[in-house]
Amino acid sequence: MSEKPDYTLRTATEDDVPGVARVLSRAFFDDPLFTWLFPDPHTRMARSARWWAAQAGFAFVPAGAVTVAVSAGPRPVVRGAAVWAPPGVSLPGGAAMLRTLPHTLGLLPLSRFPELAAFMSDLQKAAPERPYWYLQSLAVDPVAQGTGIGSALLRSGLVRADIDRAPVYLETTDPAVCAFYERFGFKVCGEVEEAGRPSFQSMIREPGD
């Protein structure tokens, strides 16, 4: 008999925003995208947490786009989070982006916004033209990695995509995670390298793979 997992998967609520931001900032601390965005390791965690809190609080969570893994016990803690966008939905949307600006503008010098805009443009150009489920982010708190939380979060989204008979698409700036996604049927479908910006790989999984 298999043991019952010591976490529960559910849709994130507003109360989960701090926990989601904490998990994402901790999990992506050494990710090439965030080392590029926030080069100073002494301030990166705080700046990254503010970035994710704004995105989660004003865009992801209100849209019902975040699935969290919450630890069992009298004081549940968010241990993992997955941010999903269904076909045809862009996250964050225009209105949500405007709401995040007052909270994110001070995190980067204005001189860096053109290169950030160029990176975002690269992401958009690489995306498939056909409808797809988009895995925007998948993260597990480092203290809980290796416990199956990441796999459980990923499977919960793949089930929905398979019901829709839609592919699932993602990008990663960390080539080391490609092997994890390949175990679930993802295949590398593109790579973009531009001087001065993080390179990234695109991956796609066809329904039922």
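The values are calculated or read from the model by the stated rules, or taken from the named source; none is laboratory data. For clarity, every value in this text was computed on a predicted model and none was experimentally measured. Note: ideal-geometry Cβ built from the backbone for every residue, glycine included; neighbour counts use all protein chains shown. What goes into the accessible areas is simple: the full protein's heavy atoms, side chains included, and nothing from ligands, DNA or RNA. Shrake-Rupley method; radii C 1.70, N 1.55, O 1.52, S 1.80 Å.
Can you give me the % of accessible surface on the chain that is carbon or sulfur? Probe 1.4 Å, all protein chains present, nothing else counted. Roughly 56 percent, rounded to a whole number. Loop sites only, by DSSP: take the trypsin sites (Lys or Arg not before Pro) in the chain that have at most 12 other C-beta atoms within 10 Å and name the longest stretch containing none of them. Of all site-free stretches, the longest is 1-164.
Just Leu153, Leu123, Leu135 to compare: in a GNM of the chain, with alpha carbon springs under 10 Å, which one fluctuates most? Highest fluctuation of the listed residues: Leu123. Taken over the stretch 106-206, the convex hull of the Cα atoms encloses 128 Å³ per residue. Backbone geometry of the stretch 45-53 corresponds, through the Karplus equation with coefficients 6.51, -1.76 and 1.60 at θ = phi - 60°, to 3J(HN,Hα) couplings of 4, 5, 5, 5, 5, 5, 4, 5, 4 Hz, x marking Gly and Pro.
Around the amide H of Tyr7, modelled in the peptide plane, lie the amide H atoms of Ala72, all under 5 Å away and 5 or more residues distant in sequence or on another chain. Residues whose amide H falls under 5 Å from that of Val61, counting only those 5 or more places apart or on a different chain, are absent, with hydrogens built in the peptide plane. When the Gaussian network model of the chain links Cα atoms closer than 10 Å, the mean-square fluctuations of Val140, Val61, Val192 top out at Val192. The modelled label-to-label distance for the pair His42/Asp164, using points 7 Å beyond Cα in the direction of Cβ, is 4.5 nm. The stretch between Val192 and Leu9 holds 62.5 nm of extra length on full extension. This uses 0.36 nm per residue minus the Cα-Cα distance.
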